[in-house]
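Each remark here refers to the structure printed beneath this line.
The values are calculated or read from the model by the stated rules, or taken from the named source; none is laboratory data. These figures come from a predicted structure and were not determined experimentally. We place every Cβ from the backbone using ideal geometry, glycine too, and count neighbours over all the protein chains shown.
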Amino acid sequence: MHYAQREAALNKIVFAAMFCLIALNLFTFARAYPEIFTLDSGCCSNQVLAKDFSAYYVGAWRLFHDTSNVYTSGNVSDGGPSILPRPESFKYLPSFLLIISSFLLLSYKNAIIAFDGLQLLLLPLMAVMTYRLVRSKGAAVTLIVAMVVLLQPSPAPNLGLSVSYYWQWAEGQAKVLETFLLLLSFYLGAVGKPRLSGAALGMAAFDPRFALISLPLFFAYNRQRLRVAALSAVGLFLASNFALLFPGVGSGFMTMLLNSGLTTPPYYYSFIPLLTVVCLTILNAKEIKSLVPGRASSRGG
């Protein structure tokens, strides 16, 4: 009974700490909010740029009205949204445009706020999934991982309490959505739902970089029914990227990938999914190693 009471008390502390981390993230969002509507050089450039969300918004419009120009840089005279000084280049797979397409019902400025708002609402769900994935490692480890997932504290002048999250909100970036889908995939695998786990990873693969580095974790969490999970991931990935078969889309993606995609550096907000995956990979290193052919048999021998 004493042990159960101690565990319950620790759980309350962990959840209270997670609530505080989300509150601090909300403070960071409040500091980033004015930057959303400011035309400047952003976090990492020396020229005036539109926000990263402009690439998603214009790309989604083009997917339905001017498909061959989805990966065309800048404004195009096709009757679509014109964003000053010019929209950012779209660098994800077309599946992301299906996710973002509902935001076309809003004006550009309202859409970027709504997209940030949606991702803010995902933070409590990310907290719960993080807790359930990591709680067996102890309260201290759970808190450390939660800090990485939910805030990544890095105070800087005028940037709130997290540089990563400040620019995530200021640019209307999609890294919280990416992190949510990856955590969802791991969690669904851990609770024995491989088809849904695979579907979540298939959707998260709109940015293939993070899906690829997540594969060891995906395999570990789905090791009991890996074939089912893998088929689900591949199936949804292919189905959601059918637009690559349209004229100009597949070739445009490859041109973008070779010209700028492969050389795009990891910006501050990229560390939100990256460090999340790294932390979980370290914590599950033993389970991942057990999947390597020969290791299980050598231990058994």
From the list Pro273, Pro216, which one is closer than 20 Å to Val176 by Cα, touching a Ser or Thr at 6+ places or on another chain (Cβ under 7 Å) and at pLDDT 95 or above?
Pro273
Residues within segment 149-186 that are buried (at least 19 other Cβ atoms within 10 Å of the Cβ) and without any contact (Cβ under 8 Å) to a residue 24 or more places away in the chain, tallied:
1
Just checking, which of Arg195, Arg209 is in contact with a helix residue (DSSP H, G or I) (Cβ under 8 Å, 6 or more places away or on another chain), part of a helix (DSSP H, G or I) and surrounded by fewer than 21 Cβ atoms within 10 Å (Cβ to Cβ)?
Arg195
Out of segment 62-92, which residues are surrounded by fewer than 21 Cβ atoms within 10 Å (Cβ to Cβ), within 21 Å of Lys175 (Cα to Cα) and in contact with a Leu (Cβ under 9 Å, 6 or more places away or on another chain)?
Lys91
Could you list, in sequence order, the residues of segment 154-184 that are in contact with a Ser or Thr (Cβ under 6 Å, 6 or more places away or on another chain) and in a loop (DSSP other than H, G, I, E, B)?
Ser154, Gly160, Leu161, Ser162
Requiring at least 3 residues that are modelled with pLDDT under 95, the helices (runs of 4 or more DSSP H) wholly within segment 1-107 are 2-36
Please tell me if Val48 is of a type in the set (Val, Ile, Thr), loosely packed, with under 15 Cβ neighbours inside 10 Å and in contact with a Pro (Cβ under 9 Å, 6 or more places away or on another chain).
yes
Scan segment 186-204 and tell me whether some residue there is under 12 Å from the mean Cα position of the chain (by Cα) and among the charged types (D, E, K, R).
no
From (1) at positive phi; (2) modelled with pLDDT under 95, pick out the condition that doesn't hold for Gly172.
(2)
Within segment 55-66, is there a residue that is of a type in the set (Ser, Thr, Tyr) and either within 30 Å of Gly138 (Cβ to Cβ) or out of contact with any helix residue (DSSP H, G or I) (no Cβ under 6 Å at 6 or more places or on another chain) (or both)?
no
Inside segment 109-126, can you point out the residues that are within 21 Å of Ala55 (Cβ to Cβ) and surrounded by 21 or more Cβ atoms within 10 Å (Cβ to Cβ)?
Ala111, Ile112, Phe115, Asp116, Gln119
Does segment 276-301 hold any residues that are surrounded by fewer than 12 Cβ atoms within 10 Å (Cβ to Cβ), modelled with pLDDT of 80 or more and not in a helix (DSSP H, G or I), and which are they?
Val292
Have a look at Ile144, Ile112 and point out the one that is part of a helix (DSSP H, G or I), farther than 25 Å from Ala17 by Cα, β-branched (Val, Ile, Thr) and modelled with pLDDT of 95 or more.
Ile112
Anything in segment 99-152 that is among the β-branched types (Val, Ile, Thr) and over 25 Å from Ser197 (Cα atoms)? List them, or say none.
Ile112, Ile113
With the condition kept exactly as written, say whether any residue in segment 132-148 is crowded, with 23+ Cβ neighbours inside 10 Å, closer than 15 Å to Thr28 by Cα and in contact (Cβ under 8 Å) with a residue 60 or more places away in the chain.
no
For Leu183: the one exception among (1) within 18 Å of Cys279 (Cα to Cα); (2) in contact with an Asp or Glu (Cβ under 7 Å, 6 or more places away or on another chain); (3) not polar (S, T, N, Q):
(2)
What residue, among those in segment 50-91 that are acidic (Asp, Glu) and within 19 Å of the chain's Cα centre (by Cα), is farthest from Leu244 (Cα to Cα)?
Asp52
Answer yes or no: is there a residue in segment 73-85 that is more than 30 Å from Met129 (Cβ to Cβ), touching a Ser or Thr at 6+ places or on another chain (Cβ under 6 Å) and aliphatic (A, V, I, L, M).
yes
Of all residues in segment 226-243, which are surrounded by fewer than 17 Cβ atoms within 10 Å (Cβ to Cβ) and either modelled with pLDDT under 95 or within 22 Å of the chain's Cα centre (by Cα) (or both)?
Leu231, Val234, Gly235, Leu238, Ala239, Phe242
